Amino acid sequence: MFTLIKNSKGLLGMNARNLSYIRPNNLQGAIRLANNKLKSKEALFKAGIPVPKVFGIIRNRHELEVFKWGDLPKSFVLKPNHGRGGGGIKVIFGQNKDLSWVSTEGKKVTIKDLRDHIMDIFEGFYSFSGTSDIAFFEERIKLLKVFKPYSYKGIPDIRVIVYNKVPVMAMLRLPTRESEGKANLHLGGIGLGVDVATGVTTNAVMHDQLIEKTPDTKFKLSGVKIPYWKDILEIAIKCQEISKLGYVGVDIAIDSERGPVVLEVNAHAGLSIQIANLSPLKYRLKKINGLKVKNEAHGIRIAQDLFGGEVEEEIEDISGKQVLGIIETIKIGIMNHELGIKNKEGGELIEKKEIELKAKIDTGADRSSIDEELARKLGYEKVIDEFKGVVKDLEIGNNATKEILDEKIKDKLEKWGDDFDTVVIKSSHGVSYRLLIKMNIELSGIKLISKMSVTDRSHLEFPVIIGRRSLGRFLVDPSKKTKAVFGK
Amino acid sequence: MSNIIQLIASQGVSIETIYLILALPFIATLIAAFRQLIGIKSFGIYTPLVLTFAFWAIGIKYGLAIFIVIFLTGTAVRYILKNFRLLYMPRMAIVLTVISLAILVLLALGGYFQKTGLASTSILPILILITLIEKFISTQVEKGFRTAAFLSVETLAISIAGYYFIIWDVFRDLVLSHPEYILLLFVVNIFLGKWTGIRLSEYLRFRKVIKNVDK
């Protein structure tokens with residue numbers, strides 16, 4: 001209970017959002033501008049921000065009567081000016097030969113349908129306060145190829161929360177069959193957490209539940225790189241400045257020809273973004289509070305430094321290599337030995353195929369090595385005992401080489417087979433002759449076969465060190481923290 | 001009973017009237033607390049408040065029965081009318097017409113089955129229940145059936161809680177003997193109005209986020 005409260009301290013709840021962030025930062029005038037789609041679009045356009053083109057505005061019944069329907073393009077979006085939460089938006093996909101249109105739901109849409117819908121908009125059906133509203137036609141954003149597999153009919157958009165000129169958190173929203181081509185989460189769209197630093201997607205939620213793949217097309221949702229990421233962040237920050245909203249959710253879509261285009265700015269940005277990112281928002285907002293942010297580039301840098309959780313993946317993308325920290329959790333396979341594996345009480349432990357433990361990544365060591373006691377537990381007890389038995393009688397001088405020593409225990413080596421070898425290690429402590437065992441290990445999700453030299457490490461913190469010979473497929477970043485701590 | 005109450009009662013105001021007027025701010029505060037602390041959403045403060053007092057006037061059993069009839073009829077009519085493409089006001093008028101007829105049938109049935117309780121209830125609360133349907137239906141259109149259904153259930157739950165509150169003898173005695181406690185509601189509501197903590201429902205909604213904080 002206590003940890004629950006402690007861990008939720010950084011969470012942004014509805015109460016805190018309204019009272020601590022919207023009330024003091026979003027003044028009435030700015031909120032009114034944001035809620036008026038046409039006015040805010042105009043303000044953004046004047047400031048040089050790309051916005052969807054407006055094909056026509058219908059303010060009243062008279063304008064509806066005289067509207068030239070023939071001037072409308074093949075595809076467009078019909079929107080209420082004061083709509084909220086995606087309500088009342090009609091997306092037209094294409095045109096039939098008889099000049100009627102097709103909606104994203106695949107239904108036939110006639111002029112009469114559009115007229116009825118506009119009348120509903122006039123009635124204030126979709127507006128914030130239920131007061132009468134006006135309707136407008138807008139350019140339909142053309143779907144980017146990258147997003148094609150992920151979106152059902154509609155256009156995905158990117159929600160960026162900007163506070164004090166810093167893009168604090170971001171989310172990619174995908175339309176689904178259920179959301180009828182709209183990207184709004186409460187209508188059944190998918191929300192994907194986005195790493196602010198790189199623009200790569202992390203987790204995905206639908207109806208507040210974590211999901212792995214798109215429900216319609218079954219594509220994996222994490223790891224998608226959003227193009228134009230820096231531009232998107234920069235546009236989002238500019239939108240905050242233009243809209244004069246201190247705490248704002250900027251919705252940006254990417255047009256296949258025009259690039260990032262701002263759909264709208266929201267004064268009351270929702271809280272689901274926290275679920276999509278599996279990260280609490282208030283914690284981030286508090287870090288930003290009171291910072292002097294000079295310009296967009298500065299804001300982006302702050303966001304990347306503070307909230308970019310997976311920057312190393314960027315390096316991984318470039319080099320194709322995984323980045324390791326100094327301490328990593330590894331898995332070591334347990335040998336399927338005829339003796340079975342005895343645990344401390346002497347019972348058999350055969351049901352377990354591998355063990356997990358923390359190992360030190362040591363670029364100063366050539367080979368990996370493992371503690372003798374641990375190796376015994378892993379099922380190598382018999383061989384270790386036999387090895388110690390024969391080596392005890394050997395004389396290991398300073399000039400000893402592997403060849404000479406191996407020759408002396410030839411019989412045993414042949415008996416043990418390919419999984420076992422020996423190594424002569426020369427160090428400041430002198431020369432030692434050690435047993436080398438081929439073990440199956442898993443490091444950062446990659447399976448390797450590593451030859452481990454067996455030695456007594458009982459006085460050291462880590463029973464295993466991973467040396468250079470096993471690290472060919474990795475990069476080591478000393479500043480990286482261990483991600484998961486096992487046994488917790 | 002407190003002196004002030006006695007004074008007012010002596011002027012011919014019925015105790016029932018005084019009680020309900022004094023109970024209203026308590027129920028309003030209860031609804032506010034449900035929203036801010038627990039996170040139970042409702043259609044504003046008006047709908048659950050009116051629903052609570054309608055239940056009180058009709059009785060919870062018949063009140064719920066009538067509510068359910070209204071809700072189901074309203075939803076059904078909305079779905080039927082969907083294909084007719086009518087404008088909002090006339091459409092809603094039709095919904096109300098059908099509901100009125102349904103209520104009439106319900107009252108007649110009640111009489112037929114000797115359920116006199118139903119027929120003897122005052123009509124005003126029933127009329128209010130009927131008109132509340134607009135809120136429920138317009139939310140269905142605006143936010144989709146799923147959200148509207150959730151909101152309706154939550155509104156209903158708050159109203160039922162409010163109903164049991166006002167019929168609770170302990171509460172009644174307290175309000176009538178210490179009407180000055182109403183002043184405490186200012187304190188409570190100022191606290192609620194300044195409360196920036198996490199709502200109970202948000203612990204549930206964001207449980208995965210909270211869990212992830214550990215790592």
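Laboratory data are not the source of any read-out in this text; all were calculated from the coordinates shown. Small disclaimer: the values here were computed from a predicted structure and weren't measured. Note that we place each Cβ from the backbone using ideal geometry, even for glycine, and neighbour counts take in every protein chain shown.
Please rank B:43, A:219, fewest neighbouring Cβ atoms within 10 Å first, as an exposure proxy.
Values: B:43 20, A:219 14.
Neighbour counts put them in this order, fewest first: A:219, B:43.
Please tell me the relative contact order of chain B in percent, rounded to the nearest whole number, where contacts are Cα pairs under 8 Å and at least six residues apart.
Details: 175 pairs, mean separation 83.9, N = 215.
Taking the mean separation of contacting Cα pairs over the length of chain B, I get 39 percent.
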(message) I'd like the Kirkwood hydrodynamic radius of segment A:244-303, using the inverse of the mean 1/r over distinct C-alpha pairs, in Å.
(response) 13.7
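What net charge is computed for the residues neighbouring residue B:5, neighbours being all others with C-beta under 15 Å from the C-beta of residue B:5, Lys and Arg scored +1, Asp and Glu -1?
On the way: positive: B:172; negative: B:16, B:173, B:180.
Combined, the nearby Lys, Arg, Asp and Glu give -2.
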(request) List the lysines whose Cα lies under 26 Å from the Cα of residue B:135, skipping any in the same chain that are fewer than 8 positions away. (result) A:37, A:79, A:90, A:182, B:41, B:61, B:82, B:143
(message) Checking the cross-link filter: which lysines have an alpha carbon closer than 16 Å to that of residue A:360, excluding same-chain neighbours under 8 positions apart?
(response) A:331, A:451, A:480, A:481, A:483
(message) Take the residue pairs A:148/A:225; A:230/A:292; A:74/A:97; A:388/A:447; A:108/A:218 and return only those whose Cα atoms are more than 18 Å apart.
(response) A:230/A:292; A:388/A:447; A:108/A:218
(request) Within a 10 angstrom radius of each residue's Cβ in B:139-145, how many Cβ atoms of other chains show up on average? Whole number is fine. (result) 4
(request) For residue A:263, list long-range residues whose amide hydrogen, built 1.01 Å from N in the peptide plane, is under 5 Å from its own amide hydrogen. (result) A:251, A:252, A:253
(request) Starting at the first residue of segment A:113-123, write each ³J(HN,Hα) from the Karplus equation 6.51 cos²θ - 1.76 cosθ + 1.60 with θ = phi - 60°, in whole Hz, x for Gly and Pro. (result) 4, 5, 4, 4, 5, 5, 4, 4, 5, 4, 5
(message) I'd like the Karplus ³J(HN,Hα) series for segment B:145-150: coefficients 6.51, -1.76, 1.60, θ = phi - 60°, whole numbers in Hz, and an x wherever there's a Gly or Pro.
(response) 5, 4, 4, 4, 5, 4
(request) Just the Kirkwood number for chain B, please: inverse of mean 1/r across all distinct Cα pairs, in Å, one decimal. (result) 19.6
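I want the local charge near residue A:160. Using Cβ-Cβ distances under 15 Å, sum +1 for each Lys or Arg and -1 for each Asp or Glu among the other residues. Please report the intermediate quantities before stating the final value.
Values: positive: A:159, A:165, A:173, A:230, A:238, A:284; negative: A:157, A:195, A:231, A:234, A:241, A:251, A:264, A:296.
So the surrounding residues net to -2.
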(message) Can you show me the helix-derived [θ] at 222 nm for chain A, built from DSSP H runs with n ≥ 4 at -39,500 (n - 2.57) apiece and divided by the number of residues, rounded to the nearest 500.
(response) -7000 deg cm²/dmol
(request) Kindly provide the pair-distance distribution of segment A:53-140 built from C-alpha pairs, with 5 Å bins from 0 and whole-percent values in order of increasing distance. (result) 3, 16, 27, 26, 19, 8, 1, 0
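Where does each of A:229, B:195, A:69 land when they are ranked from fewest to most other beta-carbon atoms within 10 angstrom?
With the fewest neighbours first, A:229, B:195, A:69 line up as A:69, B:195, A:229.
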(message) Please list, in order along segment A:436-448, the HN-Hα scalar couplings obtained from phi with the Karplus expression 6.51 cos²θ - 1.76 cosθ + 1.60 (θ = phi - 60°), rounded to whole Hz, x for Gly and Pro.
(response) 10, 10, 6, 10, 8, 10, 10, 10, 6, x, 9, 8, 9
(request) Springs between alpha-carbon atoms under 10 Å, Gaussian network over chain B: tell me which of B:176, B:30, B:86 tops the mean-square fluctuations. (result) B:86
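For residue B:76, what charge total do you get from the other residues with a beta carbon under 15 Å from its beta carbon, if Lys and Arg give +1 and Asp and Glu give -1?
That sum, taken over residues with Cβ under 15 Å, equals +3.
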(message) What percentages make up the Cα-Cα pair-distance distribution of segment A:322-476 when the bins are 5 Å wide from 0?
(response) 2, 8, 18, 21, 19, 16, 10, 5, 1
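Distances over 39 Å make up what percent of all Cα-Cα pairs in the protein assembly as shown?
Numbers: 130609 of 246753 pairs.
Here the tail beyond 39 Å accounts for 53 percent of pairs.
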(request) Partner chain Cβ atoms within 10 Å, averaged over the residues of A:11-22 - can you pull that number for me? (result) 5
(message) Out of all DSSP beta bridges in segment A:322-476, what portion is antiparallel? Express it as a percent rounded to 5.
(response) 75
(message) Contact order normalised by length for chain A, with contacts defined as Cα pairs under 8 Å and 6 or more residues apart; what percent is it?
(response) 13
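What's the average, rounded to a whole number, of partner chain beta-carbon atoms within 10 Å of each residue's beta-carbon in B:191-201?
Working: counts 0, 1, 2, 2, 4, 11, 7, 12, 4, 0, 2.
That works out to 4 on average.
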